[in-house]
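Read the structure below first, then the notes.
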Amino acid sequence: GYAVDCAVELLQRHGAEQGCVNAGGDLRVFGRQPERVHLLSAATAGAIPVLEVSNAGVAGSGGDGMHVDGSTRQDVDPHIRISVVAPDCMTADALTKIVLADPRRAESLLPQYRAVAYLNDPHHPGNHGWRTIPASEDRPC
């Protein structure tokens, strides 16, 4: 995430007014025009267009055996996918790990960073396994 933010800063310093730096899982969009971001979904095959992002960072992470649930100390389900939108990519990237490790704690933490998480869990009922943290009405960005 930090490297993506550095690349955006360099582009802006040299006069770029619109752009997207994508480092495969971490990206940041800047400028007046929003960019459509497709998020990897565990519930369905392929990518689903979920967001239009403008002047924000997006980072994704999944239960790939490298993350542990903060409450149970068990590996996170490998089918769960998290995407976080925050003002910058470094923050979004860091917060994906927190959401994976302890989604309940993340509910109170995300608003402090003006961030929102999109969690895709194929075992969660409704909305094809998608839910938003914090809830839609509480979203800070």
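Below is a table of values for the structure above.
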quantity	calculated
Pair list, Cβ < 9 Å and 6+ apart or interchain, from region 105-129 residues that are on the phi > 0 side of the Ramachandran plot and of a type in the set (Lys, Arg) to residues that are in a loop (DSSP other than H, G, I, E, B) and at pLDDT 90 or above	ARG114/PRO87
Qualifying positions in region 99-134 - open to solvent by 40 Å² or more (accessible area, probe 1.4 Å) and either at pLDDT below 80 or touching a Gly at 6+ places or on another chain (Cβ under 9 Å) (or both)	ASP102, ARG104, ARG105, PRO122, HIS123, HIS124, PRO125, GLY126, ASN127, HIS128
The lone exception for PRO49 - which of (1) within 20 Å of ALA115 (Cα to Cα); (2) at pLDDT 90 or above; (3) not β-branched (Val, Ile, Thr) it fails	(2)
Matching residues, region 1-39, being assigned to a helix (DSSP H, G or I) and open to solvent by less than 90 Å² (accessible area, probe 1.4 Å)	ALA3, VAL4, ASP5, CYS6, ALA7, VAL8, LEU10, LEU11, GLN12
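The values are calculated or read from the model by the stated rules, or taken from the named source; none is laboratory data. What you see is a predicted model, and the numbers here were worked out from it, not measured in a lab. Don't worry about glycine lacking a Cβ; one is built from the backbone with ideal geometry, like all the others, and counts go over all protein chains shown. All accessible areas refer to the heavy atoms of the entire protein, side chains included, with ligands and DNA or RNA removed. Shrake-Rupley method; radii C 1.70, N 1.55, O 1.52, S 1.80 Å.
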